[in-house]
Each structure stands twice: as C-alpha cells, then as structure tokens.
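Values quoted throughout were computed directly from the atomic coordinates according to the rules given, and no laboratory measurement underlies them. Small disclaimer: the values here were computed from a predicted structure and weren't measured. Cβ placement follows ideal geometry from the backbone for every residue including glycine, while neighbour counts extend to all protein chains displayed.
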Ligand SMILES: NC(=O)c1ccc[n+]([C@@H]2O[C@H](COP(=O)([O-])OP(=O)(O)OC[C@H]3O[C@@H](n4cnc5c(N)ncnc54)[C@H](OP(=O)(O)O)[C@@H]3O)[C@@H](O)[C@H]2O)c1
C-alpha cells in the first residue's frame with residue numbers, strides 16, 4: 001500500500017493519476033486534510049484517509065498498513081513547515097512504514113537565501129536521522145512558480161526583476177510522473193536524489209527573449225535593485241513575508257543554487273522533459289491545460 005499526502009494538491013493529484021495509470025488504484029491511499037475536497041477520488045477507485053500534519057495520531061492512522069508514504073511538503077512558510085514535516089515523519093515511523101519519501105527542492109541547504117530551501121534541508125536532516133529507509137526527491141524549481149512570479153510582467157511586455165541567475169525551471173506534471181516512477185522502484189532510490197530537473201537552465205533575460213519570440217512582441221527585461229523590487233511588490237499588495245521569500249529565490253539563483261541540470265528526470269520519464277518554452281507558450285496563449 002502506498003499513501004500519498006497532499007492528495008488534494010496539484011502535485012499529489014498528479015502523482016496519484018500517474019500511479020493509477022501504471023498499477024491501478026487498489027493499492028493507493030490518498031491522505032488529505034479535508035475529505036469533502038477529495039470526493040473525486042471515489043470514482044477513481046482510490047481510498048481516502050483523513051490526516052493533517054498538525055495531528056500525529058490521525059496521521060499515524062492514515063499511514064497504517066502502508067509500505068511507503070510520500071510526504072508532499074506543506075505549502076506553509078517558516079519554522080511551521082519544519083514542525084509539520086517532522087510530525088509527518090514521526091507518524092510514518094510510528095505506523096511502521098517501510099520507506100518514507102519526501103518532496104524536497106533542488107539547492108536545499110541550511111542557510112539558503114531562499115527560505116524553503118533551508119526548511120527542506122532541515123527536513124532532510126531529520127529524515128536522515130529518523131533511522132527509516134527514505135528517499136528525498138530533490139524537485140527542480142516548478143515552471144509554474146516562474147509563471148506565478150513573472151507571468152504578469154511577461155504579458156505586460158516589461159519584466160522587472162532583481163539581478164538573477166539561471167534556473168532549470170521544471171514542469172510540475174513531469175515531477176509528478178517522475179515521483180510515481182520512483183515510488184514504483186524506490187529500493188533503488190535511497191537517500192537524497194540527484195536534482196530532478198529539465199535539461200536547461202535559463203536566466204530572466206533569456207526568458208524575456210523566449211517570451212518575445214512566442215508572443216511576437218518585445219518583452220523588455222529590466223534589472224532593478226532588490227529594495228526597489230521589494231517595495232514595488234508590497235505596494236502592489238503582496239504580503240511582506242511572501243515578497244521576501246520570492247526575493248530570496250532571486251538572491252539564491254544569483255549564487256547558482258538553481259542552475260544545476262541532470263538527465264535523471266528525463267531518464268525516469270523516458271521522454272524529453274517539458275521545456276520552459278512549451279510552458280510559456282501555453283501560458284502566453286492562455287491554454288487552460290498549461291498546469
Ligand atoms: N519545487 C518547487 O518549485 C515548488 C514550488 C512551490 C511549492 N512547492 C512545494 O511543493 C508542494 C506541492 O506542490 P503543489 O503544487 O501540489 O502545492 P498545492 O497544490 O498548494 O498543494 C499542497 C498540498 O499540501 C496540503 N497541505 C498543506 N498543509 C498541510 C497540512 N498541515 N497537513 C496536511 N496536508 C497539508 C494541501 O492540503 P489542502 O488541499 O487541504 O490545502 C495540499 O493538498 C507545495 O506544498 C510546496 O511545499 C515546490
């Protein structure tokens with residue numbers, strides 16, 4: 001039995017759909033916070049169990065009988081994220097799960113300027129100390145996060161960013177498929193994975209060029225100071241904590257934290273990964289399937 005947490009989220013749903021295609025629904029359990037939100041699993045034939053990372057007892061029950069649990073990291077910021085992930089690891093241990101898998105991030109390291117990468121490193125360290133067999137999936141930076149960060153600018157024709165560095169933006173749907181492949185063959189994936197990324201890394205200036213090419217009109221890239229970028233985001237209504245988090249992603253990219261690329265993802269997929277050009281084309285042409 002394989003339990004997937006975050007099963008009402010984009011990645012969790014994608015992992016489950018890929019596992020259904022490969023092995024059918026019978027040995028899958030979707031672990032969710034809100035059972036109502038997960039009612040669509042009934043027609044897919046997937047069992048659903050309730051479990052929030054806030055409650056170790058409920059989670060332990062949700063994980064009972066599982067050989068593997070995929071802990072999809074919570075979309076929560078700061079120390080709270082670490083606390084929740086520790087709870088999930090503790091619950092999996094208490095339930096006697098054979099292998100714990102966790103969705104980490106490329107460039108995860110203590111002290112990263114990108115706060116989630118620091119929290120992922122903390123969770124990885126906890127997982128390594130847990131004594132359980134584990135796999136930490138070092139996901140590439142979601143291409144969808146790139147769209148969320150700069151999509152408006154690309155559509156407006158002027159992309160204003162702080163100084164950046166190359167990022168190997170990777171489609172979340174490819175990562176969901178790769179995670180499913182790893183779950184099927186997890187004994188061969190012990191410890192921290194190689195970076196699971198698309199094969200090329202791009203700077204913001206290059207992304208503006210690609211967007212210009214796709215849309216047929218010039219998208220200018222303008223580099224602004226960190227403070228100017230932060231002030232503009234907050235003036236536009238972005239909460240400070242979120243604006244600082246995004247600024248941290250630019251600062252970490254400058255250090256080269258997200259520049260790595262590796263064929264591991266494409267080897268798992270058995271096909272080319274989705275390129276940033278494909279993702280941008282769908283977005284700029286408003287394809288509702290770009291997710
Ligand atoms: N690699 C990257 O570039 C990147 C970018 C963005 C995010 N991420 C990470 O990847 C994760 C998965 O991505 P996604 O696109 O699937 O995110 P998503 O659509 O926002 O889904 C997040 C899932 O986590 C669940 N969750 C949140 N807090 C929880 C808790 N306390 N206990 C149990 N479940 C909880 C949510 O449940 P509800 O449906 O009940 O809210 C949801 O199912 C994110 O949560 C984030 O940690 C990675």
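Between residue 54 and residue 245, the simple spin-label model (points 7 angstrom out along Cα→Cβ) gives 1.7 nm.
Computed with the Debye formula from one identical point scatterer per Cα of the range 72-168, without solvent, the log10 of I(q)/I(0) at q = 0.14, 0.16, 0.17 Å⁻¹ comes to -0.60, -0.73, -0.79.
Dividing the mean sequence gap of close Cα pairs (under 8 Å, 6+ apart) by how many residues the chain holds gives a relative contact order of 17 percent.
The separation of the range 29-90 from the range 208-234, counted between C-alpha centres, amounts to 38 Å. You can think of it this way: the chain between residue 155 and residue 61 has 29.2 nm of extra reach, that is 0.36 nm per residue less the Cα-Cα gap.
Could you identify which residue out of 139, 27, 85 has the top mean-square fluctuation in a GNM of the chain using Cα springs shorter than 10 Å? Looking only at 139, 27, 85, the largest GNM fluctuation is found for 27.
Based on alpha-carbon atoms, the Kirkwood radius and the radius of gyration of the range 1-78 give Rg/Rh equal to 0.94.
From the largest down, the range 173-244 spans 48, 35, 18 angstrom on the principal axes of its Cα atoms. Peptides 4-13, 228-237 ordered by packing proxy, namely the average of other Cβ atoms within 10 Å per residue, highest first: 4-13, 228-237. Spin-label pair residue 217-residue 10: with each label point 7 Å from Cα along the Cα-Cβ axis, the two points sit 2.5 nm from one another. Modelled this way, with points 7 Å down the Cα-to-C-beta line, the labels at residue 34 and residue 188 are 3.9 nm from one another. Determine the percent antiparallel among the DSSP beta bridges restricted to the chain, to the nearest 5. DSSP beta bridges in the chain are roughly 5 percent antiparallel.
By the Cα gyration tensor, the range 209-287 has an equivalent ellipsoid whose semi-axes, rounded to whole angstrom, run 28, 20, 13 from largest to smallest. The fraction of Cα-Cα pairs per 10 angstrom bin, counted from 0 for the chain, comes to 7, 28, 34, 22, 9, 1 percent, rounded to whole percents. For the range 259-285 versus the range 102-172, the spacing of their alpha-carbon centroids is 16 Å. Add -39500 (n - 2.57) for each DSSP H run of 4 or more in the chain, then divide by its residues: what number comes out at 222 nm, to the nearest 500 deg cm²/dmol? Result for the chain: -14500 deg cm²/dmol, rounded to the nearest 500.
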